[in-house]
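J.: Before I ask anything, let me first share the structure, which is written out below as structure tokens.
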Amino acid sequence: MTIEKIVGEIEKIKRIYPNNLMARFFNANNFSNLSEDDKYRLMRIINTGIKNPTSEMGAYAMYVDDYEKFSFQLDPMIRDFHNIPAEHPISQTNDWDTTKARCDLGEIDPSLKKTSMRVRVARNISSFPLPGAMDKSQRIDFEKLAVLAFDRLADNPDFGGKYLSITPGTANTISNQEYKNRVASHQMFKDMSADKYLNAANISAHWPFGRGMYISQKEDFIIWVGEEDHLRIMAMQTGGNLNSLFERLHTGLKFVGDLLPPFAISPKYGAIASCPTNLGAGMRASLHIKLPNLCADDPKLERIGNEAKKLGLAVRGASGEHSGAGEGGLVDISPSARLGVTQMQIMQTLYDGVAALWKLEKSSAIRE
Ligand code: DAR
């Protein structure tokens, strides 16, 4: 498509899909003033939002410095998604000190002690392009670098485990059946080549090369390699104690960070991620809970989504993005804002939000 046609396409998306933040904040004059190289570079970033008009964000960074270089396009999108008012500077501060609050789901309702809790951070190594701009050899080289770090993690009493690769022909490569089993148990990520958003950003290219997961012996600490970001480092547990979950992730993150080259961290944007939704703390803290009344007759989770949004939360199906509620109204609840909020605030938002939703659920008419 010519540049004129592309600009016309974006203007059309802007009219028909108002939630597409890329289109909403695209400015044709800014774009036309760019050099040819920079026009091409910005096109790679926003291609996902053009090819997929229903996108919420509609952009993935290709290089760490894309955020500064194309801030005229990306900052308005970031402000909107992370609720950062125009008068506030975009900046990230970190506070992992969870001793400031006690967030135990069992105190909301004893039945919530069995809730599946997961908190993960996205991290990218500054010496590589982001996944959307990696070639096949870079993906393979990155995985080899990560495996060297995991070899030194394997003996740690709290995080020791093994690396399972889906890159054909490596010493850690697992069978296709084991891969499917790990996906079914929500430990491993799904085949990215089936994700139209990631395909349009080249993030899923060269699948399955350079992809895999590290898993601890206790299966409560997992690191995805080569998904939407170079690394997704996550801790999971039940029992309801969000404080201990966050503390364990923080310990594991520091340990892994010391074994790898520097992460891409910006004072303004925090942890640099492929998707602008994952900047800042780069953290997604989530719970899977059953809210049958709030999910009833709401296959797209719109009604419950609006309630959750008032609490600073996002709702998705328990099977991942763009999925509906699971059996018994099983949904995944997580705080939306990740930039300009600290880790401690994210934990508090999750706890307070779940308490409010739980109260709403219990006050709703019981539905069969
Ligand atoms: N489909 C993309 C997803 C944005 C948020 N989720 C991520 N990054 N996994 C969109 O722009 O809607």
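The values are calculated or read from the model by the stated rules, or taken from the named source; none is laboratory data. Because the structure is a prediction, the values reported are computed rather than measured. Ideal geometry is used to build each Cβ from the backbone, glycine not excepted, and the neighbour counts take in all protein chains shown. Heavy atoms of the whole protein, side chains included, go into the accessibility calculation; ligands, DNA and RNA do not. Shrake-Rupley method; radii C 1.70, N 1.55, O 1.52, S 1.80 Å.
J.: Compute the relative contact order of the stretch 251-325 as a whole-number percentage, counting only Cα pairs closer than 8 Å that sit 6 or more residues apart in sequence.
T.: Computed value for the stretch 251-325: 14 percent relative contact order.
J.: Quick check: net charge around Ile10, other residues with Cβ under 14 Å of its Cβ, Lys/Arg +1 and Asp/Glu -1? Walk me through the intermediate numbers first.
T.: Values: positive: Lys5, Lys12, Lys14, Arg15, Arg24, Lys39, Lys51; negative: Glu4, Glu9, Glu11.
Here the charged neighbours net out to +4.
J.: Continuing with the same structure: Return the distance in nm (one decimal) between the two label points of a simple spin-label model at Glu87 and Asn19, each offset 7 Å from Cα along Cα→Cβ.
T.: For the pair Glu87/Asn19, the computed spacing is 3.0 nm.
J.: Let me make sure I get this right: for the stretch 171-317, a, b and c are the square roots of the gyration tensor eigenvalues over alpha carbons, sorted descending. Under 1.5 in a/c it's rounded, otherwise prolate if a/b > b/c, else oblate. Which is it?
T.: Because its axes are fairly even, with a/c under 1.5, the stretch 171-317 counts as rounded.
J.: Restricting to DSSP H runs of at least four residues, report the calculated mean residue ellipticity at 222 nm for the chain, -39500 (n - 2.57) per run over all residues, nearest 500 deg cm²/dmol.
T.: Numbers: 13 runs with 137 residues, N = 368.
Only helices count here, giving -11000 deg cm²/dmol.
J.: Apply 1/(1 + (r/R0)^6) to the Cβ-Cβ distance of Thr2 and Asp65, taking R0 = 22 Å, and write down the FRET efficiency to the nearest 0.05.
T.: Working: r = 27 Å, r/R0 = 1.24.
The calculated FRET efficiency here is 0.20.
J.: A follow-up question, please. Between the stretch 109-149 and the stretch 315-359, what is the C-alpha centre distance in whole Å?
T.: If we compute the Cα centre of each part, the gap is 20 Å.
J.: Along Cα→Cβ, 7 Å out, is where each label goes; now give me the distance between the ones at Asp95 and Lys268 in nm to one decimal.
T.: Here the modelled spin labels are 2.4 nm apart.
J.: Leaving out ligands, DNA and RNA, what percent of the accessible area of the chain is carbon and sulfur, probe 1.4 Å?
T.: Using a 1.4 Å probe with all protein chains present, the chain comes out at 52 percent carbon and sulfur.
J.: How much FRET efficiency would the formula 1/(1 + (r/R0)^6) give for Thr54 and His288, where r is the Cβ-Cβ distance and R0 is 41 Å, rounded to 0.05? If you can, show how the numbers build up before the last one.
T.: Working: r = 25 Å, r/R0 = 0.60.
Calculated transfer efficiency: 0.95.
J.: Also, I was wondering about something else. List the lysines whose Cα sits under 22 Å from the Cα of Lys14, skipping any in the same chain fewer than 8 residues away.
T.: Within reach: Lys5, Lys39, Lys51, Lys196.
J.: Report, ordered by chain and residue number, the lysines lying within cross-link reach of Lys114, taken as a straight Cα distance under 29 Å and ignoring same-chain residues fewer than 8 apart.
T.: Hits, sequence-local ones excluded: Lys100, Lys162, Lys180, Lys190, Lys218, Lys254, Lys290, Lys300, Lys309, Lys310, Lys359, Lys362.
J.: I've got another one for you. Which value in nm describes the separation of the simple spin-label points at Thr170 and Lys12, placed 7 Å from the Cα toward the beta carbon?
T.: 4.2
J.: In the stretch 208-264, which trypsin sites (Lys or Arg not before Pro) fall in coil by DSSP and have 13 or fewer other Cβ atoms within 10 Å? Don't skip to the answer; put the middle values down first.
T.: Details: sites: Arg211, Lys218, Arg232, Arg248, Lys254; in loops: Arg211, Lys218.
Here the sparse-neighbourhood loop sites are Lys218.
J.: Another one. Just need the relative contact order of the stretch 60-189 here, percent rounded to a whole number, with Cα pairs under 8 Å and 6+ apart.
T.: Relative contact order, the stretch 60-189: 18 percent.
J.: Test of understanding: extend the Cα→C-beta vector of Glu321 to 7 Å, then name every residue of the stretch 251-284 with backbone N under 19 Å from that spot.
T.: 271-284
J.: Quick check on the chain: what are the equivalent-ellipsoid semi-axes from the Cα gyration tensor, as sqrt(5λ), descending, whole Å?
T.: After diagonalising the Cα gyration tensor, the semi-axes are 31, 27, 20 Å.
J.: Sticking with this structure for a sec: Taking R0 as 51 Å, what's the FRET efficiency between Asp38 and Ser363 from their Cβ-Cβ distance, rounded to 0.05?
T.: Numbers: r = 54 Å, r/R0 = 1.05.
Result of the calculation: an efficiency of 0.45.
J.: Let me ask you something else. Work the Kirkwood hydrodynamic radius out for the stretch 233-310: mean of 1/r over every pair of different alpha-carbon atoms, inverted, in Å.
T.: By the Kirkwood definition, the hydrodynamic radius is 15.5 Å.
J.: Now a separate question. Taking only protein heavy atoms into account and a 1.4 Å probe, give the accessible area per residue of the stretch 91-138 in Å².
T.: Values: 2120 Å² over 48 residues.
For the stretch 91-138, the solvent-accessible area averages 44 Å² per residue.
J.: When only C-alpha pairs under 8 Å and at least 6 residues apart count, what is the relative contact order of the chain, in percent? Let's see the in-between values first.
T.: On the way: 695 pairs, mean separation 76.3, N = 368.
So the answer I get is 21 percent.
J.: Would you mind classifying the stretch 82-185 by shape? Square roots of the alpha carbon gyration tensor eigenvalues, ordered a ≥ b ≥ c; an a/c under 1.5 is rounded, otherwise it is prolate if a/b is larger than b/c and oblate if not.
T.: oblate
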